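Please treat every number below as a calculation from the coordinates, not as lab data. Keep in mind that this is a model prediction, so the values were computed, not measured. Positions of Cβ are backbone-derived with ideal geometry, glycine not excepted, and every protein chain shown enters the neighbour counts.
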Amino acid sequence: IAMFGLNVTETMFVMPNDLRRVKTWTTKAGKFLGDVLQHSIDSHTLWWGYPGASMHDPCPIIYLLQPKLFEMKEMYVHVETQEGVNFGRTTGDPKGRLGRKPTTKVAVKADVHAVIEFMLSRLETLA
């Protein structure tokens with residue numbers, strides 16, 4: 001099991017210069033992707049003040065294809081399944097203080113530039 005939290009995915013930005021690259025793709029798929037990324041960058045900038053659009057969902061897929069682009073740490077992870085204020089909360093034990101056997105590989109760092117470049121280069125083959 002591999003987990004990608006916001007600590008990693010919110011560093012994974014498609015930036016305006018990446019958007020300019022995508023907008024040079026002349027196919028229908030390229031135009032669509034350019035429009036989607038434009039909307040995403042605009043929304044992230046307006047609502048959260050981010051410099052680009054976070055790429056949450058692509059991270060696990062890219063990890064499966066290029067695991068060396070991510071630093072993963074094995075740790076015990078607990079997901080709260082009981083009703084209450086923490087229902088659904090995911091908690092990791094990166095220092096092993098609970099003494100529990102690791103259950104999950106958790107992304108702790110990524111080569112942001114390489115991940116975004118890999119993603120765009122693959123999408124460009126479709127566009």
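Note down, for region 45-119, the three equivalent ellipsoid semi-axes (square root of 5 times each alpha carbon gyration tensor eigenvalue), biggest first, whole angstrom.
Computed over region 45-119, the values are 27, 19, 11 Å.
Under the combined filter of DSSP loop state and at most 15 neighbouring Cβ atoms within 10 Å, region 49-123 retains these GluC sites (Glu not before Pro): Glu80, Glu83. Of all the options Gly49, Gly30, Gly88, the one that moves most in a Gaussian network model of the chain with Cα springs shorter than 10 angstrom is Gly88.
In a simple Cβ point-charge model (Lys, Arg +1; Asp, Glu -1; nothing else charged), region 7-127 has a dipole of about 280 debye relative to its Cα centre. Using the Cβ-Cβ distance between Arg100 and Arg122 with R0 set to 30 Å, the FRET efficiency from 1/(1 + (r/R0)^6) comes to roughly 0.25. Any idea what log10 I(q)/I(0) is at q = 0.17, 0.18 Å⁻¹ for the chain, Debye with uniform C-alpha scatterers and no solvent? Debye output, listed in q order: -0.93, -0.99.
Given +1 on the Cβ of Lys and Arg, -1 on the Cβ of Asp and Glu, and no further charges, what dipole in debye does region 28-96 carry about its Cα centre, rounded to the nearest 20? Provide the component values of the computation, followed by the final result.
On the way: 6 positive and 8 negative charges, 55 e Å.
Dipole magnitude for region 28-96 comes out near 260 debye.
Here's the picture: charge each Lys and Arg Cβ at +1 and each Asp and Glu Cβ at -1 in the chain, and of Gln38, Gly99, Phe4 the one pushed furthest to the positive end of that dipole is Gly99.
Sparsely packed loop sites in region 20-114 (the chymotrypsin sites (Phe, Trp or Tyr not before Pro) outside DSSP H, G, I, E and B with at most 15 other Cβ atoms within 10 Å) comprise Phe87.
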